[in-house]
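Report on the following structure.
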């Protein structure tokens with residue numbers, strides 16, 4: 001009895017330390033448009049030089065970019081993460097990613113997640129417009145980016161990327177029937193998933209909430225469709241412990257023009 005009590009007490013003392021050791025700090029950065037025009041800088045636009053400064057700072061300070069596949073494998077206990085992982089994401093899949101971001105990812109040996117809005121990719125696939133000042137990537141562009149092995153394609157909805165209108169992003173409306181909502185979101189996702197599968201060779205396993213508008217009902221739909229991770233717009237470092245579902249609420253720092261990675265990550 002005394003021995004059993006001792007073992008239980010010892011376990012109680014060591015459990016917090018073990019949990020502390022196993023926890024992983026994961027900062028995630030959210031980028032949008034890259035523009036060579038310094039006058040265009042703003043909350044969602046930075047210059048190529050600013051992006052390169054971020055990647056150089058990350059590498060110099062020991063950060064290693066990780067993929068969602070790596071995070072999912074770690075969550076299952078089948079892989080280890082680097083000592084200082086960082087998740088790099090680009091929302092909306094603007095054409096400037098191909099022109100500026102992809103070469104820099106290759107230069108610095110990093111990977112990124114590219115969240116594609118199906119309607120935007122459809123539009124620019126049809127138009128052929130390649131003005132990097134405003135255009136979005138076509139599906140051929142997305143396939144080319146994915147083929148480098150440095151880019152994972154994520155879903156950013158097909159037609160629900162709107163902050164106003166019928167609903168806020170893909171969030172359920174007040175009073176909306178949950179089953180009807182789930183059917184509507186699933187139908188939207190099915191369309192963008194098919195296009196991503198054609199470009200990427202596999203259905204997406206990561207999702208970016210439009211404008212960060214989340215809800216439990218959307219998370220349930222995503223989990224049911226096999227997504228391994230989903231991104232919010234909360235500005236904080238993620239503390240991962242392999243707890244169930246924690247990758248479905250990955251927080252990200254928005255990289256605005258006056259918020260370099262060094263400042264966002266606490267340097």
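The values are calculated or read from the model by the stated rules, or taken from the named source; none is laboratory data. All values derive from a computational prediction rather than experimental measurement. Glycine also receives a Cβ, built like all others from the backbone with ideal geometry; neighbour counts cover every protein chain displayed.
Quick one: would you say residue 253 is surrounded by 17 or more Cβ atoms within 10 Å (Cβ to Cβ) and either modelled with pLDDT under 95 or over 24 Å from residue 153 (Cβ atoms) (or both)? Please lay out each step first, then the result.
Details: surrounded by 17 or more Cβ atoms within 10 Å (Cβ to Cβ): yes; either modelled with pLDDT under 95 or over 24 Å from residue 153 (Cβ atoms) (or both): no.
Judged against the criteria, residue 253 is not a match.
Considered as a group, the residues in region 141-162 that are farther than 23 Å from residue 219 by Cβ and part of a loop (DSSP other than H, G, I, E, B) include one that is farthest from the chain's Cα centre (by Cα), and that residue is 148.
All of 243, 208, 228 fail the test of being within 19 Å of residue 76 (Cβ to Cβ) and out of contact with any helix residue (DSSP H, G or I) (no Cβ under 7 Å at 6 or more places or on another chain), apart from 243.
On inspection, residue 153 fails the criterion of being touching a residue at least 12 places away in the same chain (Cβ under 8 Å), surrounded by 17 or more Cβ atoms within 10 Å (Cβ to Cβ) and more than 21 Å from residue 67 (Cα to Cα).
Is at least one residue of region 163-186 assigned to a helix (DSSP H, G or I), buried (at least 16 other Cβ atoms within 10 Å of the Cβ) and out of contact with any helix residue (DSSP H, G or I) (no Cβ under 8 Å at 6 or more places or on another chain)? Among the residues of region 163-186, at least one is assigned to a helix (DSSP H, G or I), buried (at least 16 other Cβ atoms within 10 Å of the Cβ) and out of contact with any helix residue (DSSP H, G or I) (no Cβ under 8 Å at 6 or more places or on another chain), which makes the answer yes.
Might you check whether a residue that is closer than 24 Å to residue 57 by Cβ and part of a helix (DSSP H, G or I) occurs anywhere in region 253-262?
Filtering region 253-262 down to residues closer than 24 Å to residue 57 by Cβ leaves 253-262.
Those left that are additionally part of a helix (DSSP H, G or I): 261-262.
Checked against the condition, which is being closer than 24 Å to residue 57 by Cβ and part of a helix (DSSP H, G or I), region 253-262 yields at least one hit.
A count restricted to region 105-140 and to residues that are in a helix (DSSP H, G or I), touching a strand residue (DSSP E or B) at 6+ places or on another chain (Cβ under 9 Å) and farther than 24 Å from residue 209 by Cα stands at 1.
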